[in-house]
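The values are calculated or read from the model by the stated rules, or taken from the named source; none is laboratory data. Note that the structure is a prediction, hence the values are computed from the model and not measured. We place every Cβ from the backbone using ideal geometry, glycine too, and count neighbours over all the protein chains shown. With ligands, DNA and RNA removed, areas are computed over all heavy atoms of the protein, side chains included. Shrake-Rupley method; radii C 1.70, N 1.55, O 1.52, S 1.80 Å.
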Amino acid sequence: MNDKVHSAEASRDIQAMLETLRTVFGFRSFRPNQEGIIKGIMSGRDVFAVMPTGGGKSLCYQLPAKIMGGTAVVISPLISLMKDQVDAALENGIPAAFMNSSMTAQEISGVYRTLKQKTIKLLYIAPERFAMPHFIETLKTFTISLFAIDEAHCISEWGHDFRPDYLSLSLIPKVFPDVPVAAFTATATHKVQEDIIKKIGLRDPYIVRASFNRENLFYQVKQKSKVESQILEFLHEHQGESGIIYRTTRDSVTETAAFLVSKGVKALPYHAGLSSGERNRNQEAFNRDESPIIVATIAFGLGIDKSNVRFVVHADLPKNIESYYQETGRAGRDGEPAYCLLFFSRGDIPKIRYFIDQLTDEGERFIASEKLNQVVEYASHNVCRRRRLLEFFGEDYTLENCSACDICTGSIERIDITIDAQIIMSAISRTQQRFGIGHINDIVTGADTKRVRELKHNEIKTYGAGKHKDKRHWRFLINELLAQDMLRQEGDPYPVLKITPKGFNVLYGKEDAKALKRGEPATKTKLETGYGSGQYDEALFERLRSLRKKIAEEHQVPPYVIFSDRTLHEMCRHFPTTLPDMRRISGVGDAKLERYGEDFVGEIKKYLCENPGISVPESRPYDFDPVDRPKTKKKGETVEETYELFKLGLSLEDIAKQRNLATSTIAAHLERLIREGRDVDIDRFITPEKRKEIEDVFLSLGQWNLSPIVEHFNGAVSYEEARLTRAWLLRKTSG
Ligand code: ADP
Ligand code: MG
Ligand code: ZN
């Protein structure tokens, strides 16, 4: 009986959740993990969630805040962000307010007054307010629905952004024992996770660790030569788009910004050397699309929630992969395709090494140096960029080809490099493996340097053996041999090249050496690639974007708060000319439909009138999601297609047949869906009893590879069964 009541309540909650998602936010479906988190909060449970930037963390607390009685208190560290988030909530018709130190006493008491009237659903505050005893006392007099702690890693000294103010948040569970507390962050190692949970005092939280894969980001590394002209060339291909260009030093920021301006590009600088007034002005201009491009040091980015950043360019080598990932993460929050381009030159390495050498602590120096090696490997190896990044964060990436990085989309050719490899290794061996890359390259190409003459290296047999090819070629080859573990670098700070046993096999002719030579990525522009969610009418997009900007200026909010790029793109695919059609566009909720529907419908009608040649697709049923079914498929979408067939009840084999894919690929898709927290009922493929048996073997063997499991069962368990069981087990054990 009780159970029935509960399940009736639960299904009412789910109805309310979906209803709110559609009417308030205008979205059709939840992003991965959102549903679970929201259910957790609404059932009164604490939550801890690590989700990547752009994963949709705000909705996880804004949605329950809208449904639940009382006010949700959101703790957010950045004053600049607070205002934008409140504006975004207000635009969706959710009553919201913020309180921070930038406000006058009068303004603050104004907020208290509205709180008393019980209309505010979301209250954003800065953490230091919690240290004020008065504040907690006052808060106790209101009905609080939930606490959401954004950027929760700031509470941990182990994290990279510790803020002592956050420590006072541990008061929350003590003073409000019955109110759920949800903590969110985009970066937390397991150690930081434990620390956050302990410091806040979360009570048996529902834990989510989402995948770090950002499917809509395209990763590319280019050889850096004249970087400013290279940037200019890139900007020509991305005209009108908004993006960030990162440089290491203040001087280079100033120079590059000035260079771009001299070429007629609207760009502003941002670095710690500018006055805070100028910094804020430039950041605001970027945020509001008044200056589409910002050239910045890594000081820039934390206070930015702008969803339509279409590219992030690194003009210099980043210090480590964590920062690279975090900086690129600022691109494409809206889920639309975005570019991450790194210009890589080995010439940048000594500059970073110089800074590392200044570190006084030997341990720190060692770690920094290791981290530098990792970015260099990322940039120089011919391995899927996405796989590399995800592996770095401890995630194994199961797909062969990510279809959204330069490696996976480049035309790859397998070439024999045995003879060239032998030339290099012979030069290394004849000089007793005591020299670094530059000198070996000099020997092979027959360079007439002072050092070569002094060491009499112009007398060895290999001297000049490779002069028919240029230095770049040999550089590429040495990298390749390093990547394939035929050579190794030893010694710091002046590493020398050593030949590994595998390398000697090639040198002595026992084995051949092969390399993958890649051409330019086949994908130059977003429309050619089709890696995004499909084409849209670009001329209309320009017009809708101007309209958005005009409205945003009138309302004093950033344009992306009115509608995201993604929402505009969808309008430019479906050309909604009536309000009900407009309502079907993702991101158009009731409040925005009422406020802006007419304006945008009007502009689209006008455009269609002026361009009678455009054929408008027929109107679609509400649930049709064009984003899920583009003509050209990318990886994420092919997984979705498997999911659709799975939901129809097809067997693994039938899905494979229908999709013309291997059964193992389908199993890998399902594995991903399971790990993402989606609803996948695998009892259909494997009985709970059998699953339990397999789980036990996984646990007793203490490893996650599939073949030992299949072997253990002597063929009675298939790879697919082992894979699906593993996925469930990992999902269970990771919370
Ligand atoms: P985070 O805080 O995790 O970096 P945000 O909360 O800023 O991410 O969300 C990023 C973008 O994704 C926003 O533009 C938001 O409107 C959008 N978004 C969130 N949830 C959904 C959803 N279920 N469907 C479509 N878009 C969503
Ligand atoms: Mg956020
Ligand atoms: Zn790839």
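Listed values, structure above:
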| read-out | value |
| --- | --- |
| Filter pass, Val383 being surrounded by 22 or more Cβ atoms within 10 Å (Cβ to Cβ) and more than 16 Å from the chain's Cα centre (by Cα) | no |
| In segment 174-211, the residues that are in contact (Cβ under 8 Å) with a residue 60 or more places away in the chain and assigned to a helix (DSSP H, G or I) | Gln193, Ile196, Ile197 |
| Per-region count, segment 569-615, residues touching a residue at least 40 places away in the same chain (Cβ under 8 Å), hydroxyl-bearing (Ser, Thr, Tyr) and open to solvent by 40 Å² or more (accessible area, probe 1.4 Å) | 0 |
| Failed condition for Ile349, given (1) without any contact (Cβ under 8 Å) to a residue 12 or more places away in the chain; (2) in contact with a helix residue (DSSP H, G or I) (Cβ under 9 Å, 6 or more places away or on another chain) | (1) |
| Any hit, segment 230-240, residues being in contact with a helix residue (DSSP H, G or I) (Cβ under 9 Å, 6 or more places away or on another chain), surrounded by fewer than 18 Cβ atoms within 10 Å (Cβ to Cβ) and farther than 15 Å from Val295 by Cβ | yes |
| Residues within segment 363-417 that are part of a loop (DSSP other than H, G, I, E, B) and either away from ligand 3 (no atom under 14 Å from the Cβ) or not β-branched (Val, Ile, Thr) (or both), tallied | 15 |
| Options Phe504, Phe476: the member that is at pLDDT 85 or above, of a type in the set (Phe, Trp, Tyr) and not in a loop (DSSP other than H, G, I, E, B) | Phe504 |
| Subset of segment 456-473 (residues that are assigned to a loop (DSSP other than H, G, I, E, B) and of a type in the set (Lys, Arg)) | Lys456, Lys461, Lys467, Lys469 |
| Residue count, segment 219-229 (criterion: out of contact with any Phe, Trp or Tyr (no Cβ under 6 Å at 6 or more places or on another chain) and part of a helix (DSSP H, G or I)) | 1 |
| Identity of the residue in segment 542-568, small (Gly, Ala, Ser) and either assigned to a helix (DSSP H, G or I) or open to solvent by less than 10 Å² (accessible area, probe 1.4 Å) (or both), that ends up nearest to Pro617 (Cα to Cα) | Ser546 |
| Selection count, segment 631-645, where residues are over 20 Å from the mean Cα position of the chain (by Cα) and modelled with pLDDT of 50 or more | 5 |
| Arg453 being under 34 Å from the mean Cα position of the chain (by Cα), in a helix (DSSP H, G or I) and not small (Gly, Ala, Ser) | no |
| Filter result for the condition that a residue is over 26 Å from the mean Cα position of the chain (by Cα) and open to solvent by 50 Å² or more (accessible area, probe 1.4 Å), over Glu19, Glu35 | Glu19 |
| So Ile674, is it at pLDDT 80 or above and under 28 Å from the mean Cα position of the chain (by Cα) | yes |
| Matching entry among Lys222, Lys226 (being within 16 Å of ligand 3 (Cβ to nearest atom) and in the same structural domain as Gly394 (by TED's automatic domain parsing)) | Lys222 |
| Unique match (being of a type outside the set (A, V, I, L, M) and under 19 Å from Asn33 (Cβ atoms)) among Asp204, Asp195 | Asp204 |
| Residues (open to solvent by 50 Å² or more (accessible area, probe 1.4 Å) and farther than 27 Å from Ser345 by Cβ) located in segment 464-513 | Pro501, Lys502, Phe504, Tyr508, Gly509, Lys510, Glu511, Asp512 |
| The one condition in (1) touching a residue at least 12 places away in the same chain (Cβ under 8 Å); (2) open to solvent by less than 70 Å² (accessible area, probe 1.4 Å) that Arg675 fails to fulfil | (2) |
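Residues checked against (1) aromatic (Phe, Trp, Tyr); (2) modelled with pLDDT of 95 or more; (3) under 26 Å from Leu59 (Cα atoms); (4) surrounded by fewer than 19 Cβ atoms within 10 Å (Cβ to Cβ):
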| site | (1), (2), (3), (4) |
| --- | --- |
| Ala272 | no, no, no, yes |
| Asn280 | no, no, no, yes |
| Glu290 | no, no, no, yes |
| Val309 | no, yes, yes, no |
| Val312 | no, yes, yes, no |
| Asp316 | no, yes, no, no |
| Glu327 | no, no, yes, no |
